[in-house]
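Read the structure below first, then the notes.
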Amino acid sequence: MSAPKSIGAIELSSIGLGYKIEDDMLKAGKVELLIARTICSGKYLVVIGGSVSDVEAAIQAGLAGAGEAIIDHLVIPNVHESVFPALGQSVSLHGDHQGAMGVVETFSGVSVLAAADAAAKAANVTIFRIHVAMALGGKGFLLLTGSVSDVRAGVQAAAAEARSRGLLVSEIVIPRPSKELFGDYL
């Protein structure tokens, strides 16, 4: 499959229904399964990528069968290309990295995806981690780096997106982080 242009996600309150919705979504469009798993607080998360039309069709199929089990969902057409490697935790920083660091924390896994896309589109930042709801009580967070002004702009855009959904927990900019703070990514 070529690089996905769109990303979609559904967060459900039912694990059993989550498996069924995942199957419905995979049958509804030619999509790539990016994440499908149980997450904290007994929920289920499905994240897919693909063409805009296939992702929209798959999300609609999932929503149609989910009823009141839907906690949150989204479709981001033309998602920023940096979201995918950060979601897969395959971004590494160079040993001489000296940029500022930004952290945005959300109350849901789905909302952090929208926040990451907003940050990447708003500023010249490197998103190096998107952590979606695992071992976080259902929360999500993203880590980004760049110049202080770009990190501020990226964090501001990400926080605004999460805030508009009523799901922002925190927004932090660290202008001169210690090298050890980036240790796992160098």
> Averaged per residue, what accessible area in Å² does the chain show with a 1.4 Å probe, protein chains only?
Replying inline: 44
> Pick from 129, 165, 152: which is most flexible by mean-square fluctuation in a GNM of the chain where alpha carbon atoms under 10 Å apart are linked?
Replying inline: 165
> In terms of Cα to Cα distance under 16 Å, which lysines are near enough to residue 139, apart from those fewer than 8 places away along the same chain?
Replying inline: 43
>> If I build a Gaussian network model for the chain, linking alpha-carbon pairs within less than 10 angstrom, which residue out of 176, 163, 37 has the largest mean-square fluctuation?
In response: 176
> Roughly how many Å is it from the Cα centre of segment 116-132 to that of segment 10-60, as a whole number?
Replying inline: 22
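Students often get this wrong, so check it: of 30/121; 121/179; 5/30; 27/121, which have C-alpha atoms separated by over 24 Å?
Values: 30/121 26 Å; 121/179 26 Å; 5/30 12 Å; 27/121 31 Å.
Too far apart for the 24 Å limit: 30/121; 121/179; 27/121.
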> Pick the calculated Cα extents along the principal axes in Å for this structure from (i) 48, 39, 32; (ii) 57, 36, 30; (iii) 48, 34, 28?
Replying inline: (iii)
>> Compute the helix-to-body angle for 52-66: its Cα long axis versus the longest principal axis of the chain, expressed 0 to 90° and rounded to tens.
In response: 60
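The values are calculated or read from the model by the stated rules, or taken from the named source; none is laboratory data. Everything quoted here is computed from the prediction, not taken from an experiment. SASA here: full protein model, heavy atoms, side chains in, ligands and nucleic acids out. Shrake-Rupley method; radii C 1.70, N 1.55, O 1.52, S 1.80 Å.
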